[in-house]
Amino acid sequence: MYAYMTSRVHNYNELIEYSKKCQKTKPIQVNIIEKICLENEELLLFLSDFKKDQKWLIPYIKQMNMIDSGKWQCIMITSTLLKFPIVIYSNMCLYPQYVGFLQ
């Protein structure tokens, strides 16, 4: 699986703008280790600020610090409130260092 990932967006609106022009960049090979559906309140807080600590990431942090055979180990956020699922790579942080979406 491939995803367009970036560390340069801070919220969902910026990610949507990034999605419109990212096809010029090279996608990253990812492995989705878990699909998560957050509660609405938690999701809205996350979408407003990707760089804020996210306690719901704690169970996945160790798994996401590994790059296996060139693939980033990521989680995917799904919801009916989203235009597309969000792919997250945290690299041992409590916030997503990289966010993106599948190619």
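List of remarks:
- Added length on full extension, which subtracts the Cα-Cα distance from 0.36 nm per residue, ASN13 to TRP56: 13.3 nm
- Computed with a 1.4 Å probe over protein heavy atoms only, the accessible surface of the chain comes to 60 Å² per residue.
- With contacts taken as Cα pairs under 8 Å at a separation of at least 6 residues, the chain carries a relative contact order of 36 percent.
- Label sites at LEU102 and GLU34, each approximated as a point 7 angstrom past Cα along Cα to Cβ, lie 1.9 nm apart.
- The alpha carbon radius of gyration of segment 36-103, expressed as a multiple of 2.2 N^0.38 Å, is 1.06.
- A Förster radius of 35 Å, combined with the Cβ-Cβ distance separating ASN65 from LYS26, puts the computed FRET efficiency at roughly 0.95.
- Gyration tensor (alpha-carbon) shape descriptor, segment 1-46, a/c threshold 1.5: oblate
The values are calculated or read from the model by the stated rules, or taken from the named source; none is laboratory data. Since the structure is predicted, the reported quantities are computational estimates derived from the model, not experimental observations. Every residue, glycine as well, gets a Cβ built from its backbone with ideal geometry; the counts of neighbours run over all protein chains shown. Heads up: the accessible areas ignore ligands, DNA and RNA and are worked out on the full protein's heavy atoms, side chains in. Shrake-Rupley method; radii C 1.70, N 1.55, O 1.52, S 1.80 Å.
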